[in-house]
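Contents: one structure, followed by commentary.
The values are calculated or read from the model by the stated rules, or taken from the named source; none is laboratory data. Because the structure is predicted, anything quoted here is derived from the model rather than measured. Cβ placement follows ideal geometry from the backbone for every residue including glycine, while neighbour counts extend to all protein chains displayed.
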Amino acid sequence: MRIPLYQVDAFTSQPFAGNPAAVCPLPKWLDDDTLHKVATENNLSETAYFVPRGDLYDLRWFSPRCEVELCGHATLASAYVLLNILRPELRKVRFETRFSGALTVQKEGHRFAMDFPAIRPEACLNPPNTLARGLGSALAPIEILEANRNYIAVYQTRDPIRTLRPDFELLEQLHPFGVIVTAPDDEVDFVSRYFAPSYGVPEDPVTGAAHCVLAPYWAHRLHKTSLHALQLSERGGEIWCEVAGDRVILRGNAVLTMQATLQI
């Protein structure tokens, strides 16, 4: 069997930056074991698969270790493949997902606008000691929150975010939780990094799903609904966020870096 394979760098306008995702359009679903093996072979933080169903597309995402419930950058990459390559006559695509409902993506010039659920974090009353030891920063966060199986450590400034060198073996013990670190910033509205070693992703370059949590939090703190965010990974990437009630619009660019055929 031959499967089309696209690699797209999401949340960037430059190749070899942002977050790379593999995208595999399928005529029908393969078994889950094959989907997982392909994602492991691709060895990227996420591989997205979509199958047409009438006027929409069913969408799933797999990390090298498991299926995930929500993924922003691989959704953006999938929309790029559909709206720029496979269906360029379209301006908007609707995805149906197994765990996160309907997600729509609309092309706006060179950017793509993704309509995602807003997930508001709550105070974490009993953060595990492993979290503090795993982050290992000399400066303690000013606040610990949790949402959507993530711990969110909030810092005063970007400096501890930028210099953080986490212990991934310790953070892996927090499974099924990932870890978001974030802070306000002078150049953009807020910065962040994201760690999910138990899912095979020690540090994710740019994490759309994390901004479903971060955007409502910073919108409340900064008293504004439109925010510009920067993820301070080595590759780096930026997201423009708009909070609209129980939804978050995430906007970003994407770049195609590879087009190939996978033979299995």
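Exactly one condition in (1) outside any loop (DSSP other than H, G, I, E, B); (2) farther than 26 Å from residue 107 by Cα; (3) of a type in the set (D, E, K, R) is false for residue 58; which is it?
(2)
I'd like the residue in region 6-46 that is touching a Lys or Arg at 6+ places or on another chain (Cβ under 9 Å) and β-branched (Val, Ile, Thr) and, out of all such residues, is nearest to residue 205 (Cα to Cα).
Ranking the candidates gives 12 first.
Hey, among 30, 5, which residue is assigned to a strand (DSSP E or B), farther than 26 Å from residue 108 by Cβ and at pLDDT 95 or above?
The match here is 5.
Does region 131-149 hold any residues that are within 23 Å of the chain's Cα centre (by Cα) and without any contact (Cβ under 8 Å) to a residue 24 or more places away in the chain, and which are they?
Correct list: 143, 144.
Residues checked against (1) under 19 Å from the mean Cα position of the chain (by Cα); (2) at pLDDT 95 or above; (3) within 16 Å of residue 10 (Cβ to Cβ); (4) not assigned by TED's automatic domain parsing to the domain that holds residue 127:
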| site | (1), (2), (3), (4) |
| --- | --- |
| 194 | yes, yes, yes, no |
| 197 | yes, yes, no, no |
| 202 | yes, yes, no, no |
| 211 | yes, yes, yes, no |
| 222 | no, yes, no, no |
| 231 | yes, yes, yes, no |
| 239 | yes, yes, yes, no |
| 259 | no, yes, yes, yes |
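From the list 122, 46, 67, 96, which residue is within 16 Å of residue 211 (Cβ to Cβ) and modelled with pLDDT of 95 or more?
46
Against the condition under 19 Å from residue 195 (Cα atoms), in contact (Cβ under 8 Å) with a residue 12 or more places away in the chain, of a type in the set (A, V, I, L, M, F, W, C) and part of a helix (DSSP H, G or I), how does residue 79 come out, does it pass? Show your work before the answer.
Numbers: under 19 Å from residue 195 (Cα atoms): no; in contact (Cβ under 8 Å) with a residue 12 or more places away in the chain: yes; of a type in the set (A, V, I, L, M, F, W, C): yes; part of a helix (DSSP H, G or I): yes.
No, not satisfied.
With the structure loaded, tell me whether residue 17 is under 16 Å from the mean Cα position of the chain (by Cα), assigned to a loop (DSSP other than H, G, I, E, B) and modelled with pLDDT of 95 or more or whether it fails that test.
yes
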